[in-house]
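Let me begin by presenting the structure, written as structure tokens, before commenting on it.
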Amino acid sequence: MSLSTHNLSVGYHDKAIVKQVNLSIPEGKIIALLGPNGCGKSTLLKAMARILSPMEGHVQWQGKNLHSIASKKLAQQLALLPQTQPIPEGIKVKDLVAYGRSPYTGFWGRLNRQDQLIIDSVMHETGITELADQLVSELSGGQRQRVWLAMTLAQDTPYLLLDEPTTYMDLSHQVELMHLLRKLNKQGKTIITVLHDINQAARYCDHLIVMKQGSIITQGSPDSVLTQTLMKDVFSLNAQIHRDPIAKTPMCVVE
Amino acid sequence: MATRSLPILLLILLGLLVANLMFGAVSLPFKHIIEGFQVGNANYFTIHEYRFPRTILAMLVGAMMALAGALVQGVIRNPLASPDVLGVSHGAGLAAVFYMTFFPSADISWLPAVALIGSLIAALMLWWLCGQHSSTIKLAITGVALAALYASCIDFLMLVKPLEINNALLWLTGSLWGRGWNQLAMLLPWLLLIPCALWLAKPLNLIYLGDDSAISLGVKASTLRLVSLAIAVGLTASCVAICGPIGFLGLVAPHLTRKLVGGRHQLLLPSTMLVGAILLLLADLAARTIDPPIELPAGIMTAIIGAPYFLWLLFRTK
């Protein structure tokens, strides 16, 4: 296991939100972090992306403490798409995507041929090629989300950490994104994503991790995780589990 | 457009350099300026001893103050922030006036160091009052209030020590009057901060995207913030030690430049230095030629333009 947490407690201002979590991320899968608001799923993701420092325990990357690894080296291994981003003024779409190459470029950030090829390809994959010369500040929320995703992909890392990537996207772009994640996964990337939509997670992800009040309640394949009791225990909802008529994955319908 | 503005700005700067040598209490034709660099020429004193060092000084101070503003705006992602708005300039000014009033016979070459201590204290004061995650408006308003406090302390010092008033008065509003080769030599070592700042262009781009993205891209966000602010404080202090607090330059110049060339710091930092130099040369030219032979301090000219600009920014920020 490349990425794991050991007795990890982490939070803000001395208040632990994630409490003593032991977790091994299964390699080569699409993993969804699920749970109600405030359960600590984003906090756990941020700790695994070394944005937050542990209060207790540690995060391990290939046998080493995450925080002991040189930051530029680690940036070639793990990429994070944060939940909210500031709107940068005076930055063009193609410049923002190019910033994703920073872990590979020299001190002045000059791009070589290979950098340019990767930038072009991720812009094509996320469908933003025609926005290249527009200012990021002039885009819609959904377009901006795709531009940030493209920047994260330009980082070209084996591990991708996404914090609610479908926020602000309309339904068709959400579906496109989930298909893109599947494609990237087939290319060998491990993807860990916080999601709100349980059915979306069950349909597109291989492994679900469900959290409540800072602890992991259960994890496993969508079939083994999604049950009536879980919906009741974690989300306080009376729901039935049915089978998606097309993908044959479990699907929860609220009563 | 963005890349073309660099040569255009350079041309404007060159034009203003010549204009600042030609115009003043006495206007000189271009030919006399060239001759004025030769020892023994009738205009040698006016050009070589007076206008030339002052012009170069205005260019450097303008560039350095603008650069300091761009660094601060970059790392705290706040369009209202700059060393002058945050009270760092006036903190440096207060320390310098204090030094001149209480140690009138002390060595003047210590002024930059004294100003540096003053601006550091001002920066720490702001940090202590606002903390790391304060809102855009809170930081700006606290800074303006602190700047006003330091300015009134300067006034108080001048009232209780009226004998030294002349020196300090020149300081208050930020002026290039009487500044020459000595001050230029004093500023020289501090120019080393400029390449240090340019070295940070790439990580500054990334921290502008937010701390989370910056860290994920391999930037040590808190270290970068500390180093950038330290360089900005050093640039500000060295300029204030020489010309006094020249208001709003550090706020307006980077802001205008961002509109002109965009937000990539590889272009933004050099351009903002050019814009800052242009603005201060313009301000000093205006200050010397509006009502000759009377000279207004350049700081008053920058405030006339800068204060409304600041208000406009303040009302625009939600």
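A few comments on the model shown:
- For A:ARG144: the one exception among (1) within 13 Å of chain B (Cβ to nearest Cβ); (2) over 19 Å from the mean Cα position of the chain (by Cα); (3) not small (Gly, Ala, Ser): (2)
- Among the residues of region A:46-73, those identified as touching a residue at least 40 places away in the same chain (Cβ under 8 Å), outside any loop (DSSP other than H, G, I, E, B) and more than 8 Å from every other protein chain (Cβ to nearest Cβ) are A:ALA47, A:MET48, A:GLU56, A:GLY57, A:HIS58, A:VAL59, A:GLN60, A:TRP61.
- The lone criterion from (1) within 14 Å of chain A (Cβ to nearest Cβ); (2) without any contact (Cβ under 8 Å) to a residue 60 or more places away in the chain; (3) within 20 Å of the chain's Cα centre (by Cα) left unmet by B:LEU311 is number (1).
- Residue match in region A:131-149 (condition: under 19 Å from A:GLN83 (Cα atoms) and outside the structural domain of A:VAL93 (by TED's automatic domain parsing)): no
- Counted residues, region B:1-45 - those being within 30 Å of B:GLY263 (Cα to Cα), among the hydrophobic types (A, V, I, L, M, F, W, C) and outside any helix (DSSP H, G or I): 2
- Selection status of A:VAL175, in the same structural domain as A:ALA32 (by TED's automatic domain parsing) and without any contact (Cβ under 8 Å) to a residue 40 or more places away in the chain: yes
- Criterion: within 14 Å of chain B (Cβ to nearest Cβ) and buried (at least 16 other Cβ atoms within 10 Å of the Cβ) - qualifying residue of A:TYR204, A:TYR159: A:TYR159
- Checking the stated criteria, B:MET301 turns out to be assigned to a helix (DSSP H, G or I), free of Cβ contacts under 8 Å to residues at least 24 places away in the same chain, of a type in the set (A, V, I, L, M, F, W, C) and crowded, with 17+ Cβ neighbours inside 10 Å.
- Of the residues making up region B:171-224, just one is within 13 Å of another protein chain (Cβ to nearest Cβ), outside any loop (DSSP other than H, G, I, E, B) and of a type in the set (Phe, Trp, Tyr), namely B:TRP199.
- Identity of the residue in region A:118-135, out of contact with any strand residue (DSSP E or B) (no Cβ under 9 Å at 6 or more places or on another chain) and not in a helix (DSSP H, G or I), that ends up surrounded by the most Cβ atoms within 10 Å (Cβ to Cβ): A:THR126
- Selection of region A:74-117 for residues being facing chain B (nearest Cβ under 8 Å), free of Cβ contacts under 8 Å to residues at least 24 places away in the same chain and either assigned to a helix (DSSP H, G or I) or surrounded by 19 or more Cβ atoms within 10 Å (Cβ to Cβ) (or both) yields A:ASP95, A:GLY109.
- Of all residues in region B:178-198, those satisfying the criterion of being surrounded by 14 or more Cβ atoms within 10 Å (Cβ to Cβ) and in contact (Cβ under 8 Å) with a residue 40 or more places away in the chain are B:ARG179, B:GLY180, B:TRP181, B:GLN183, B:LEU184, B:MET186, B:LEU187, B:TRP190, B:LEU193, B:ILE194, B:ALA197, B:LEU198.
- Residue match in region A:207-214 (condition: assigned to a helix (DSSP H, G or I) and not β-branched (Val, Ile, Thr)): no
- Residue under evaluation B:GLY306, criteria (1) closer than 18 Å to B:LEU60 by Cα; (2) crowded, with 18+ Cβ neighbours inside 10 Å, criterion not met: (1)
- Within region A:1-41, the only residue that satisfies the criterion of being of a type in the set (S, T, N, Q) and buried (at least 22 other Cβ atoms within 10 Å of the Cβ) is A:THR5.
The values are calculated or read from the model by the stated rules, or taken from the named source; none is laboratory data. Everything numeric here is computed off the predicted structure, so don't read it as measured data. Reconstructed Cβ throughout: ideal geometry from the backbone, glycine too, with neighbour counts over all protein chains shown.
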